[in-house]
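No lab work stands behind these numbers, since they all come straight from the coordinates. Values in this document were obtained by computation on a predicted structure and should not be read as measured data. Note that each Cβ is placed from the backbone with ideal geometry, even for glycine, and that neighbours are counted across all protein chains shown.
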Amino acid sequence: MEFDCEELRRLLAKYKFRDLTVEELKNVNMFYPHFRYSLDTYVFKDSSQRDLLNFTGTIPVMYQGNTYNIPICLWILDSHPFAPPICFLKPTANMGISVGKHVDAQGRIYLPYLQNWSHPKSVIVGLIKEMIAKFQEELPLYSRSSS
Amino acid sequence: LNGGTIPTAPPSYT
């Protein structure tokens with residue numbers, strides 16, 4: 001589906017660095033054209049809320065000779081690209097989370113790339129590449145066998 | 001829907 005730049009600019013109206021963010025998302029879309037974008041309310045740990053852009057989709061992770069489509073959701077902060085995205089796994093109803101070094105029980109993703117985030121060297125495409133690499137070492141989701 | 005890939009994950013091993 002065609003990437004709608006104008007729609008994205010409208011969704012990102014309140015973002016501090018809208019043009020930078022749109023340019024970067026155009027680049028993400030070139031590598032990962034199946035992500036869906038929407039503006040939703042994110043609730044922070046301190047219960048504050050903010051309308052933020054998020055994109056959901058799957059990333060291809062090779063494991064034991066098979067490629068799995070791991071569902072993720074990335075929330076882009078309104079100070080992007082000067083703050084890292086907040087990243088979650090989005091397991092389907094028949095998937096379980098394998099808590100590990102990079103994933104907690106709520107499906108939140110932790111990566112060195114996020115900890116060391118710094119503009120301009122850190123970019124979403126680079127983040128996703130590291131996510132794929134780490135998930136290939138330690139798969140974060142498993143499929144529950146059907147009864 | 002914009003034709004995204006279907007989520008999949010490997011089976012768990014007991």
With no solvent and one equal point scatterer per Cα, compute the Debye intensity ratio I(q)/I(0) for the stretch A:9-97 at 0.17, 0.19, 0.21, 0.24 Å⁻¹ and report its log10, rounded to two decimals.
-> -0.79, -0.94, -1.09, -1.29
Among the lysines in the protein assembly as shown, how many pairs, 8 or more places apart or on different chains, have alpha carbons under 29 Å apart?
-> 28
For helix A:124-137, report the angle its Cα long axis makes with the longest principal axis of the Cα atoms of chain A; keep it between 0 and 90° and round to the nearest 10°.
-> 10
Mind listing the long-range amide H neighbours of A:L141? Cut-off is under 5 Å, sequence gap 5 or more, other chains count too, H placed in the peptide plane at 1.01 Å from N.
-> A:S98
When chain A is treated as a Gaussian network with springs between alpha carbons less than 10 Å apart, the largest mean-square fluctuation among A:Q106, A:Q136, A:Q64 is found at A:Q64
Note on the stretch A:11-68: contact order normalised by length, alpha-carbon pairs under 8 Å, 6 or more apart, percent, works out to 26
Of the trypsin sites (Lys or Arg not before Pro) in the stretch A:46-147, which ones lie in a loop per DSSP and count no more than 16 other C-beta atoms within 10 Å?
-> A:K101, A:K121, A:R144
Per residue convex hull volume, Cα atoms of the protein assembly as shown, in Å³ | 132
In whole angstrom, note down how far apart the Cα centers of the stretch A:1-23 and the stretch A:45-73 are.
-> 20
Mind giving me the FRET efficiency for A:V123 and A:R36? R0 is 22 Å, r the Cβ-Cβ distance, nearest 0.05 is fine.
-> 0.65
Among the GluC sites (Glu not before Pro) in the stretch A:1-93, which ones are in a DSSP loop with at most 12 other Cβ atoms within 10 Å of the Cβ? Mind listing them?
-> A:E2
Within the stretch A:32-102, list the chymotrypsin sites (Phe, Trp or Tyr not before Pro) lying in a DSSP loop whose Cβ has at most 11 other Cβ atoms in a 10 Å radius.
-> A:F44
Select from A:V99, A:L111, A:S143 the residue farthest towards the positive end of the dipole of chain A; place +1 on Cβ of Lys and Arg, -1 on Cβ of Asp and Glu, and compute about the Cα centre.
-> A:V99
Expressed as a rounded percentage, what relative contact order does the stretch A:43-117 have, with Cα pairs under 8 Å and six or more residues apart?
-> 20
Could you list the residues of the stretch A:82-105 with an amide nitrogen less than 14 Å from a label point located 7 Å from the Cα of A:D46 in the Cα-to-C-beta direction?
-> none
Mind checking the angle between helix A:18-31 and chain A's longest principal axis? C-alpha axes, 0 to 90 degrees, to the nearest 10.
-> 40
Between A:M95 and residues 5 or more places away or on another chain, which pairs have amide H atoms under 5 Å apart, with H built 1.01 Å from N, and which residues are they?
-> A:R144
